[in-house]
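Participant: Can you read through this structure? Questions will come right after.
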Amino acid sequence: MKDILEKFNLTGELPGTFNGEWFGNGKILEVYTPIDGNLIGKVRQASADDFGRVIEAAQNAFLKWRSVPAPKRGEFIRRLGHSLREHKKDLGALVSLEMGKIRAEGEGEVQEMIDVCDFAVGISRQLYGLTMKSERPGHFMMEQWHPLGIVGIITAFNFPVAVWAWNIALSVVCGNANIWKPSSQTPLTAIVCTKIAETICKEMDIDPAILSLTIGRGSEVGEMLIKDNRVKLISATGSCKMGYRIGSVVGERLGRTILELGGNNAIIVTPDADMVMAIRAILFGAVGTAGQRCTSTRRIIVHKSVKDNLVERLVRAYGQVSIGDPLQPGTLMGPLVNTGAVDEMMVAIERIKKEGGKILFGGEKLDKPGGCYVTPCIAEAKNEYEIVQEETFAPILYIIEYEDFDEALHYHNDVPQGLSSAIFTNNVREAHKFLSEVGSDCGIANVNIGTSGAEIGGAFGGEKETGGGRESGSDAWKAYMRRQTNTVNYSEEMPLAQGIKFG
């Protein structure tokens with residue numbers, strides 16, 4: 001642990017605010033690793049005055065950055081991706097140290113950052129508009145996309161660096177300045193990422209305030225960020241409760257949001273499923289990151305004819321999951337992010353029992369240093385249970401039985417959230433119905449792969465209480481720009497649209 005911290009110079013009291021300079025005048029934030037509960041860092045958080053300095057610098061940086069040609073902006077992101085390649089192993093280890101996911105997942109998260117940088121470099125030369133035929137003679141119509149302004153990025157602890165990269169890679173090539181407010185659980189990774197970007201800015205003579213940082217409480221710094229009219233877009237990843245607050249505040253000032261919130265992701269397992277593939281996908285989806293992904297598999301909706309076989313295999317697989325220090329080779333599941341998350345899991349398990357569910361495996365606290373380790377839980381339940389309708393951010397997997405396919409689809413969609421979904425079947429009719437307008441109501445729907453591990457090339461996000469936002473691939477870049485329709489009259493006449501005669 002000490003080696004990881006020293007490699008990034010994360011010793012002593014660290015300033016948690018950056019606007020081209022590092023400073024901080026707020027309270028001290030102590031950072032503890034969930035691996036063993038030890039103190040690993042101290043960060044001086046942003047004060048209200050500090051935030052004012054950050055947003056002023058970001059606005060000034062935007063006024064210059066918006067006029068830099070997009071391919072030149074892409075060159076900055078290309079260099080950022082290259083630097084992340086050089087730091088992949090160490091940054092991945094820091095992610096594991098700070099939030100608890102296993103080292104392979106930490107490095108995989110950095111790879112996501114690299115991939116989205118590659119994607120954004122290409123987008124920097126493809127910010128395409130349209131040309132349209134005018135109904136008026138001697139007229140030409142087109143649409144353009146222009147930089148938007150300041151983008152506020154609020155990230156969660158579970159993907160402390162990848163979600164920042166999803167946003168800034170696109171936002172930067174679109175010509176925006178950005179202010180990052182990371183989770184207070186994971187400020188060290190945010191400081192390191194910002195320092196990496198700062199170095200590249202200095203090498204390219206770019207105002208570093210295009211990638212500003214403000215570490216502080218959501219009730220303080222976060223509220224200032226979402227209320228400020230100079231922040232044209234808030235892209236926020238977190239709980240549905242947080243999303244309701246942000247959506248309300250930003251909507252009241254007619255600002256824009258990209259909300260990527262909770263998931264209650266299900267896999268339908270049909271009688272025609274390849275059971276070996278299904279078990280592998282369920283195990284990673286439910287146990288990966290200790291069940292703390294927004295795309296984690298929460299519910300298995302399984303046909304009654306294969307339910308017993310599935311449960312037997314799952315229990316056997318769960319029993320082989322090695323739980324412990326996420327930095328050690330061979331560990332498949334690390335700790336939950338803090339002891340509060342453990343307490344919430346234990347409360348959820350008691351609610352499962354109270355509502356009539358049955359624990360089939362696990363769900364116990366483990367006596368390990370730090371107090372953040374648990375055994376992943378498998379529970380038999382009904383979809384209508386209140387606890388099943390909620391998202392518990394922990395490794396709890398519900399087994400729900402169905403008899404016919406329409407019933408399975410009903411159970412699948414009958415939750416408030418709509419992020420990721422999957423079906424395992426070799427029946428082409430079932431697969432296509434699942435992907436149709438009467439099938440999954442989620443933003444992501446997969447066939448014969450799990451709910452977790454989305455590629456950056458597709459737009460990422462979901463429907464209903466998941467918030468409706470989209471990040472990363474496809475044409476998600478458009479959310480970071482303002483659309484402008486243009487009409488040019490190159491004739492010597494002044495006809496009105498719709499054939500209107502006036503005067």
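The values are calculated or read from the model by the stated rules, or taken from the named source; none is laboratory data. None of the values given here were measured: they were computed from a predicted structure. Note that each Cβ is placed from the backbone with ideal geometry, even for glycine, and that neighbours are counted across all protein chains shown. The area values use the complete protein model at the heavy-atom level, side chains included, leaving out ligands, DNA and RNA. Shrake-Rupley method; radii C 1.70, N 1.55, O 1.52, S 1.80 Å.
Participant: What is the number of the single condition among (1) among the hydroxyl-bearing types (Ser, Thr, Tyr); (2) touching a helix residue (DSSP H, G or I) at 6+ places or on another chain (Cβ under 8 Å); (3) open to solvent by 20 Å² or more (accessible area, probe 1.4 Å) that Ser96 does not meet?
Facilitator: Result: Ser96 passes all but (3).
Participant: Also, quick follow-up: Condition first: out of contact with any Pro (no Cβ under 8 Å at 6 or more places or on another chain) and either open to solvent by 80 Å² or more (accessible area, probe 1.4 Å) or not in a helix (DSSP H, G or I) (or both). Now tell me which residues in the stretch 119-132 satisfy that.
Facilitator: Selection gives Gln126, Leu127, Tyr128, Gly129, Leu130, Thr131, Met132.
Participant: Residue by residue through the stretch 310-339, note down the ones that are in contact with a strand residue (DSSP E or B) (Cβ under 9 Å, 6 or more places away or on another chain) and either of a type in the set (A, V, I, L, M) or part of a helix (DSSP H, G or I) (or both). Working first, answer last.
Facilitator: So the first thing to find is which residues in the stretch 310-339 are in contact with a strand residue (DSSP E or B) (Cβ under 9 Å, 6 or more places away or on another chain), and the list is 310-311, 314-315, 318-319, 321-324, 326, 331-336, 338.
The answer is Leu310, Val311, Leu314, Val315, Tyr318, Val321, Ile323, Leu332, Met333, Leu336.
So that you can scan it fast, the table gives a plain yes or no per residue for (1) basic (Lys, Arg); (2) in contact (Cβ under 8 Å) with a residue 40 or more places away in the chain; (3) under 30 Å from Leu5 (Cβ atoms); (4) out of contact with any Pro (no Cβ under 6 Å at 6 or more places or on another chain):
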residue: Arg293; (1), (2), (3), (4): yes, yes, yes, yes
residue: Glu312; (1), (2), (3), (4): no, no, no, yes
residue: Val315; (1), (2), (3), (4): no, yes, no, yes
residue: Ala341; (1), (2), (3), (4): no, yes, yes, yes
residue: Leu366; (1), (2), (3), (4): no, yes, yes, yes
residue: Tyr385; (1), (2), (3), (4): no, no, no, yes
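Participant: Here's something else I'd like to know. Residue check, Leu283 against (1) in contact (Cβ under 8 Å) with a residue 40 or more places away in the chain; (2) surrounded by 20 or more Cβ atoms within 10 Å (Cβ to Cβ); (3) more than 24 Å from Ile168 (Cα to Cα), all met but one. Which one?
Facilitator: Every condition holds for Leu283 apart from (1).
Participant: If Glu112 satisfies every condition in (1) acidic (Asp, Glu); (2) surrounded by fewer than 19 Cβ atoms within 10 Å (Cβ to Cβ); (3) part of a helix (DSSP H, G or I) but one, which is the exception?
Facilitator: Unmet condition: (2).
Participant: While we're here: Can you give me the ranges of the strands (runs of 3 or more DSSP E) entirely in the stretch 351-435 with at least 1 residues that are open to solvent by 50 Å² or more (accessible area, probe 1.4 Å)?
Facilitator: 358-361, 377-380, 396-402
Participant: Okay, next question. When you check Ala445 against the structure, is it touching a helix residue (DSSP H, G or I) at 6+ places or on another chain (Cβ under 8 Å) and not β-branched (Val, Ile, Thr), yes or no? Before you say what the answer is, go through the steps one by one.
Facilitator: Values: touching a helix residue (DSSP H, G or I) at 6+ places or on another chain (Cβ under 8 Å): yes; not β-branched (Val, Ile, Thr): yes.
So Ala445 fits the description; yes.
Participant: Failed condition for Asn265, given (1) open to solvent by less than 10 Å² (accessible area, probe 1.4 Å); (2) out of contact with any strand residue (DSSP E or B) (no Cβ under 8 Å at 6 or more places or on another chain), with all others met?
Facilitator: Asn265 satisfies all of (1) open to solvent by less than 10 Å² (accessible area, probe 1.4 Å); (2) out of contact with any strand residue (DSSP E or B) (no Cβ under 8 Å at 6 or more places or on another chain) except (2).
Participant: Got a number for residues in the stretch 217-262 being open to solvent by 60 Å² or more (accessible area, probe 1.4 Å), aliphatic (A, V, I, L, M) and either within 27 Å of Ser296 (Cβ to Cβ) or in contact (Cβ under 8 Å) with a residue 60 or more places away in the chain (or both)?
Facilitator: Adding up the residues that qualify gives 1.
Participant: Filter the stretch 1-49 down to residues that are under 30 Å from Asp325 (Cβ atoms) and hydroxyl-bearing (Ser, Thr, Tyr) and give me whichever is surrounded by the fewest Cβ atoms within 10 Å (Cβ to Cβ).
Facilitator: Thr11
Participant: Among the residues of the stretch 20-37, which ones are over 24 Å from the mean Cα position of the chain (by Cα) and in contact (Cβ under 8 Å) with a residue 40 or more places away in the chain?
Facilitator: Once the filter is applied, which keeps residues that are over 24 Å from the mean Cα position of the chain (by Cα) and in contact (Cβ under 8 Å) with a residue 40 or more places away in the chain, the stretch 20-37 yields Gly20, Gly24, Gly26, Asp36, Gly37.
Participant: For the stretch 460-493, name all the residues that are among the small types (Gly, Ala, Ser), open to solvent by 30 Å² or more (accessible area, probe 1.4 Å) and assigned to a loop (DSSP other than H, G, I, E, B).
Facilitator: Gly467, Gly468, Ser474, Ser491
Participant: A follow-up question, please. Out of all the residues in the stretch 50-77, which are surrounded by fewer than 20 Cβ atoms within 10 Å (Cβ to Cβ) and part of a helix (DSSP H, G or I)?
Facilitator: Gly52, Glu56, Gln59, Asn60, Leu63, Lys64, Ala70, Pro71, Lys72, Glu75 - these are the residues of the stretch 50-77 that are surrounded by fewer than 20 Cβ atoms within 10 Å (Cβ to Cβ) and part of a helix (DSSP H, G or I).
Participant: So, one more: Look at Ala190 and say whether it is in contact (Cβ under 8 Å) with a residue 24 or more places away in the chain, touching a helix residue (DSSP H, G or I) at 6+ places or on another chain (Cβ under 6 Å) and buried (at least 24 other Cβ atoms within 10 Å of the Cβ).
Facilitator: Considered against the rule, which asks whether it is in contact (Cβ under 8 Å) with a residue 24 or more places away in the chain, touching a helix residue (DSSP H, G or I) at 6+ places or on another chain (Cβ under 6 Å) and buried (at least 24 other Cβ atoms within 10 Å of the Cβ), Ala190 comes out as no.
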